[in-house]
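What follows is a set of notes on a single structure, which appears directly below.
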Amino acid sequence: MTTSYQKATKRSIFIGALLIPISSFWITNSEMVSGVTEITSTSLLIGAVFVLFLLVVANVLLEKIVPEHALSGAEMLVIFVMLNIGMSINGIGMFGFLVTALCNPFWYATPENGWHDFYPEIPNWFVPQSRDAIQHLYLGESTLYHSDHLKAWVIPVLVWSSFTFVLLWIMLCVNLLLRKRWLEHEQLSFPITTLPVEMSLRERRFSDYLKNRYLWFGLVIASLIQTNNTFQYYYPQLPYIKVKPFDISHLFSERPWNAVAGFPIAFHPCVIGLTYFIPLDISFSCWFFFLFRKGQQVLAAAISTGGGSVWGPSGRYPAIAEQGVGAWIGLALLSLWIGRKHLFQTLSFAWSGKASDEPIHLRYAWLGLILGIIALVAFCSFAGLNTIIATIFILLFLLYMIGLTRIRSEGGVIWNFGPWINPPQLMVHLAGSRLLNPRDLTILSYLQWFNLDYRCAVMPHQLEGLRIAHVGKVRMKSMFYLIILAMVIGIVAAYWNILRMYYIKGAGTPYVNQWRTDMGLMPYRQLRAWLDYPADSGLASLPYISGGMLATFLLMFLRTNFLWWPIHPIGFAVGHSFIIDLIWTPMCVSWCLKKIVLQYGGIRAYRRSMPFFIGLLLGDYLSGCIFSLIGVIFDIPMYRVFPN
């Protein structure tokens, strides 16, 4: 019996395309202005789930009134995937950082910081060449639609939009080459896709969920907590329910225990809810390695190696940042090695011209990847970056993204950061800033805007979209082209909305969330330090990077050869990055609850309890979005539901 797959309908494409610019407006006026709950800060995007929930509720009503006009589950999944791609482009770490990161060296340059020295090394097609356009961007009370502003931004918008599209394109090509291996051969769990599939594909079951008392218990508990804390935000005399991170490191005041350097505790309902759908070995490994990392810091202080900071390379034990880099790269290399036979098969199909069941011919996927990498290297080289350095940077960035996508596909952790050392920083550290010329250092600094924060990295969303198409019986070819369409609309909508908002509010004024502007300052402060204090090669970090990789390989070997082995290598990568710091406690709580349910009630009890944990997740997400919309409508700050 053959399974029938359906094309995406015109109305689902239209609705998805329409919602992307609307959601972009929402993001820029909530996250970037009023500073309310960041609706793109989680792996399972808060804003996208909220829109999907509204669609499901509306669809239940349509089925009763005009059933012939109700959306199918597949149509709602198409809308969700398009919205996910579009919102992630506008979010944290993507276009949420781009605009100010481009212009900060020109606006914040002073005789004291010496940023004027960077100007000869910055290509004039990177940024607007109009002082007036930059001034009004930061001061606000103007408009994007002034002719001088539009002219000043034409070239930078085209340049960085093209760069971003090619960057996302090569990610999509990598996903196409890995898709069959991860989805069909290894059958990774993709926990992030559980909720949208339950809500839309099995919409009748989800309408039954709405009648399920356990769902309402979870939803009401989470909503009441967040509602109480929102009122407490305005009326401090009310009690506050501690669910957001609070530090207890003051309890460890004696040496060497004080080397833990921050020990946050949190009880986010949404983290407890989502972690319930993560495999037990992964959820256990994540919080275990957080404690393991803290133990290493204490041990380092005890043996007087100084401990070292987790926020950058130290070259001495415990070298947490270097271990994290090794784990991340090791996880990516492991994923490629395990799938090597499949990758060679795709290459054989591409070379011979043999057809496959992929969305596009594998020849075009390989050509798209190779030509895309060449295009990005050419872009960097034309900007003045050494060609070899540019090639290493692009390949290293892809390894980071493959590692992140593997973590999301198998582990489904609720939010994503990379290692504490991003690709440009790693390259400069290992090579030594003394050996690189000012032009190379400047261009690498400019390329940090999409490496500062991986919470909205698009590559995992692309693969999750292809997985949703597989589960939702949507033609893979249709979903592939819809992802490309969403990428194009998302780039245009994000650039337009962010520029529009900054020219009104001012990127350097108190009327916007200054954190995003400040994040765009970090690369240039670091660039100044590289130039002022040239450092030799950081080869002392290599043993710790290698150690992180070897530990990842060893954990994978033990896991694949001993069924009883309880620790997963994904936990080592997550535990040695900032991903876990604020969410280790709720992950531990959820792991304990799931362990107890499965131990004493079996799979039947697990399935019966699922609605409760879906309710916890939805309660946090829905209340966060409602408060976000209130903040946008009335232009007021609101309590942030997640993360801190």
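The values are calculated or read from the model by the stated rules, or taken from the named source; none is laboratory data. Being a predicted model, the structure only gives us computed values, none of them experimental. Heads up, the Cβs are rebuilt from the backbone with ideal geometry, glycines too, and the neighbour counts pull from every protein chain shown. Ligands, DNA and RNA are excluded from the accessible area calculation, which covers all protein heavy atoms including side chains. Shrake-Rupley method; radii C 1.70, N 1.55, O 1.52, S 1.80 Å.
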Once all protein chains are kept in place, LEU593 shows an accessible area at probe 1.4 Å, nearest 10 Å², of 70 Å²
Can you return the lysines within cross-link range of LYS10? Criterion is Cα-Cα under 17 Å, with same-chain partners fewer than 8 residues away left out.
LYS473, LYS477
Probe 1.4 Å, heavy atoms of protein chains only: per residue, the accessible area of the chain in Å² is 39 Å²
Give me the dipole magnitude in Debye, nearest 20, for the range 1-123 about the Cα centre, with unit charges on the beta carbon: positive for Lys and Arg, negative for Asp and Glu.
620 debye
Axial C-alpha extent at least 27 Å, average Kyte-Doolittle at least -0.5 - helices from the chain (DSSP):
10-29, 46-65, 147-180, 213-234, 280-302, 362-383, 387-406, 476-505, 542-561, 584-634
Extension gain from LYS10 to ILE370, taking 0.36 nm per residue of separation minus the Cα-Cα distance:
126.3 nm
Rounded to the nearest 0.05, what FRET efficiency is calculated for TRP311 and VAL220 with R0 set to 56 Å and r the Cβ-Cβ distance?
0.90
Farthest toward positive dipole pole in the chain [+1 Lys/Arg, -1 Asp/Glu at C-beta], among GLY218, LEU102, ILE265
GLY218
Distance from a point 7 Å along Cα→Cβ of GLU141 to each backbone N in the range 497-518: keep the residues under 15 Å and list them by number.
503-512
How many percent of the accessible area of the chain is carbon or sulfur, using a 1.4 Å probe?
66 percent
Residues meeting the amide H criterion for GLN6 (H placed from the backbone, H to H distance under 5 Å, 5 or more places apart or on another chain) are VAL474, ARG475
Multiplying the sequence separation of LEU299 and PHE562 by 0.36 nm and subtracting their Cα-Cα distance, what value in nm do you get?
91.8 nm
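Treating the beta-carbon of each Lys and Arg as +1 and of each Asp and Glu as -1, no other charges, what is the dipole magnitude of the chain about its Cα centre, to the nearest 20 debye?
1760 debye
Quick check on packing: order 557-565, 332-340 by the mean number of other C-beta atoms within 10 Å, highest mean leading.
The packing order, highest mean first, is 332-340, 557-565.
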Tell me, what is the 1.4 Å probe accessible area of PHE480, in Å² to the nearest 10?
0 Å²
So if we plug the beta-carbon distance of GLN187 and HIS361 into 1/(1 + (r/R0)^6) with R0 = 30 Å, what FRET efficiency do we get, rounded to 0.05?
0.75
